[in-house]
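Taking it in order: structure first as structure tokens, then the write-up.
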Amino acid sequence: MTDGGFDKLSPNGEGQDSPSSPLLFRGGAGGGGDLTPGIHHPPAPSSEEEGEKGPSSVRPEPGEGRWRNLVVLATASLTLAAAAPLTQGAGAEWIEPGGDTGKTHWSTLTGINAANVARLGLAWEADLGTARGQEASPVMVGGVLYVAGNAGRAYAYDAASGRELWRFEPEVDMQRNRTACCDMVNRGLAVANGRVFIAALDGWMYALDARTGTVVWKTDFIEDRKRGDNSTGAPEVAGDVVVIGMGGAEYDVRGYVTAMDIRTGAIRWRWHVVPRDPALGPQETPELEAALKTWDPKSRWDVGGGGAPWDAINYDPETGYVLVGTGNGGPYARSKRSPAGGDNLYLGSLVALDPRTGRMAWHYQETPEDNWDFTSTQPMILTHMVVDGQDRGVILHAPKNGFLYVLDRKTGQVLRANAIARVNWAKGFEPGTMKPILNREAADYTDGPKIVFPSTVGARNWFPAAYSPQTGLYYGSVADIGNLIFMTPGAKPYRARALNNDAALIFTPDVAAAVETLPPPMAQAVKALPAFAEAKANPGKSQLRAIDPLTGQTVWAVDSEGWQDRGGVLATASGLIVQGTLSGKLVVRDARNGKVLKSIETGSPIMAAPITYTVRGVQYIAVQAGWGGGGWAFTPRYSAAYARGNQNRLLVFRLDGRRVPLPPLLPPLEVAPPPPAQAAGVTAETIARGQGLFFANCAICHANIHRSMAPDLRRMQPGTHEAFRQIVLEGALLPAGMPRWDDVLSVGDADAIHAYLIDLQGKTRVDELAKQKAGKPLDGPSLTILSNY
Ligand SMILES: O=C(O)c1cc(C(=O)O)c2c(n1)C(=O)C(=O)c1cc(C(=O)O)[nH]c1-2
Ligand SMILES: [Ca+2]
């Protein structure tokens, strides 16, 4: 990727960019004015002056304003609700990855506050023993910190001393790793009834004894193992069932959630997101029969349809519903997936399920016809709010598609939908139904490339936001970037457990440079797009923002280190916002204006949301560190992973703690070793064929850039070259996560890929030798170009 202009941290009061002036849509008209035809801009943030003006308007004292309303509402809901009230704000314990049953990522603790946070330092740390993405927030109950790690590992520590109590490593079928688009991550575990529930990458749910970590039961929750289904999400306990989704919608899945009995692990029900091929017989439920009418009868049922609900699942104790955010369509383009048209329910939707029966109560489709990997799987926050003078139990939801929604939890009614990033796929909403009106001209790439805002990485993604009922603000990272998206012509045959999304993506921070590498007719078509001018003028960036969920207005914003830097957020009642960065800082900000109160160098890249808890009167802040997730192979050059590697750590802070030891710097880059000679008979044509196969199958992990998390195949050693066929076709490196491909690739295919890589290694070596000779660094900016995501 081109870092230029995007990799500088602009912390408050230190950078050139003024602290609480968010510099959104710089150079634009602001105020919601249209900068470019077809690009819908979110409302301009309030000015710096406004942001500073009245802290009291943003942060009322308890007993005043919104805070008082909240208390009243919470009491009212006790009498209304059949089940328990929603909890808002974690206390001494952090009972689930989101902190409380609303998953607000907000803590009522005030022991660490603006007056003393300068004293924050390391209390203890633990080595998680892995080096991939860390996305979970831990759970702290009963003085024990439970941590979810790569591929479904679980760890338990004494939350005060850091003494390890147990560690659980599931036996994972690494072949499943082939269809995990976005790293072998895990987004959390659930603790209930003396059990720890965690889902492994290969689709097994484990119930562990919370005291010992021993397996009480395990259940295979994958419906069809002939397909690419896998698991990265956190389980959610809803009464006496534990509910989990699955992933794989870039490959060949038909999405579903599964509910298991928390005592026995027996599967109680399964709810499918999309209909199945009607030729197979009737649908499983009436809601699927209804959904079927929104699909072409001749849809690409072979590919599965997608919809994988790979993250957000919230049990709402007040309504008794299990709320689920569903995933994207497969293949990506609706015109390929369901050629005759249709909304393709329930892709890109929020749905409410009855946890006793698994039947759907309501749905709202946030992205009809999804064409852009616009999942609605991003985290939901459940809270109470006064909307238009009425007390409401609401969901705050900002999916990938660029809008921040406020919905009624009981009915799914959309109360608000405001753009928080540039949006050009929708022109607005139908009044009443609040169904988005698609802007096909700007965003349908059936007949040619399009630059779509926001991008497939999402205006927001899984990175948790926090909601403070005290300030009424939503604190989260927003990636205001777009992407070039196109597909290759013609119908692709279905390939089992392989990519079938049939789209190529180039993100706008790279698009001006990358366009020159495209075939000339394609480059010309891209340059003619109105959105290309927009992308060139403002390729976009990520920011941490404080947003009023009812208006979508940004109250303050600060630039992050680069567009991939969009870490999860913790908010506290003492007015702190805590967020880690990819360069390895734990940053504590003032919730009123984003000003940095404390920044701690950790030397480890942080994406996950920090948590806080108290043991024996001492307040701690804990966070898991490790770069990875979507685009994990494209290690940003500004990340600590690039400088110091990616050893996963659990870092726990307290007042008067010590300095964080930094992992040693990685040794300097070395020139790529010489490749072996090409095998006899290899031609330019072989190499070109190998390149095509490489991009269709391998490039999603092997970015072939310096310090990539997946091996850089431009620097293979002689032994790796010798074992190439065994590695690619027979799974020689399966335990390390490299799957076997003999069901997709022939020996000739593997050899062609090898020929391409030998050629690439040779060219890389020549290039790097020249750089070395000229005294230049071996690495340079590299583009983030994904053949898929
Ligand atoms: O469609 C899917 O099944 C699926 C799964 C996952 C996943 O399980 O991690 C991601 C996505 N899609 C996705 O679109 C995406 O942007 C994404 C980012 C991440 C991550 O962990 O950073 N996972 C996923
Ligand atoms: Ca996806």
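The values are calculated or read from the model by the stated rules, or taken from the named source; none is laboratory data. No experiment lies behind these values; they were computed from the predicted model shown. Cβ: placed from backbone, ideal geometry, glycine included. Neighbour counts: every protein chain shown. We work out accessible area using only protein heavy atoms, side chains counted, and drop any ligands, DNA or RNA first. Shrake-Rupley method; radii C 1.70, N 1.55, O 1.52, S 1.80 Å.
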Long pairs among Lys103/Lys585; Lys218/Lys400; Lys427/Lys492; Lys400/Lys763; Lys103/Lys595, criterion Cα-Cα beyond 29 Å: Lys218/Lys400; Lys427/Lys492; Lys400/Lys763
Charge tally in the Cβ shell below 11 Å around Asp742, where Lys, Arg are +1 and Asp, Glu are -1, Asp742 excluded: -1
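Over all distinct Cα pairs, what is the inverse of the mean 1/r for region 409-517, reported as the Kirkwood hydrodynamic radius in Å?
Values: mean 1/r = 0.0598 Å⁻¹.
Taking every pair of different Cα atoms in region 409-517, averaging 1/r and inverting gives 16.7 Å.
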Net lengthening on full extension, Ala513/Thr214 (0.36 nm per residue, minus Cα-Cα): 102.4 nm
Value of D in µm² per second that Stokes-Einstein yields for region 544-612, Kirkwood Rh from Cα pairs, at 37 °C (0.692 mPa s): 267 µm²/s
Extension reserve of the Thr264-Arg167 stretch, reckoned as 0.36 nm per residue once the Cα distance is removed: 32.7 nm
Rounded percent of accessible protein surface that carbon and sulfur make up, the chain, 1.4 Å probe: 55 percent
Isotropically averaged projected area of region 48-655, using the convex hull of Cα atoms (one quarter of hull area), nm²: 25.0 nm²
Overall form of region 471-623 per C-alpha gyration tensor (a/c, 1.5; a/b vs b/c): prolate
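Normalized C-alpha radius of gyration of region 316-474, against 2.2 N^0.38 Å? The partial results should precede the final answer.
Working: Rg = 15.7 Å, N = 159, 2.2 N^0.38 = 15.1 Å.
Here the Cα radius of gyration is 1.04 times the empirical estimate.
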Most to least packed among 477-486, 218-227 [average Cβ atoms within 10 Å]: 477-486, 218-227
Hull-based mean projected area of region 684-786, where the convex hull spans the alpha carbons, in square nanometres: 7.0 nm²
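At a 10 angstrom cut-off on C-beta neighbours, averaged per residue, how do the peptides 579-586, 506-513 rank from highest to lowest? Don't skip to the answer; put the middle values down first.
On the way: 579-586: 25.8, 506-513: 23.6.
Sorting 579-586, 506-513 by mean packing, highest first, produces 579-586, 506-513.
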Whole-number accessible area per residue in Å² for the chain, which is evaluated in the context of all protein chains at 1.4 Å: 34 Å²
Over region 279-365: Rg over Rh, Cα atoms, Kirkwood Rh: 0.99
Tyr315 long-range amide H proximity, modeled H, under 5 Å: Leu323
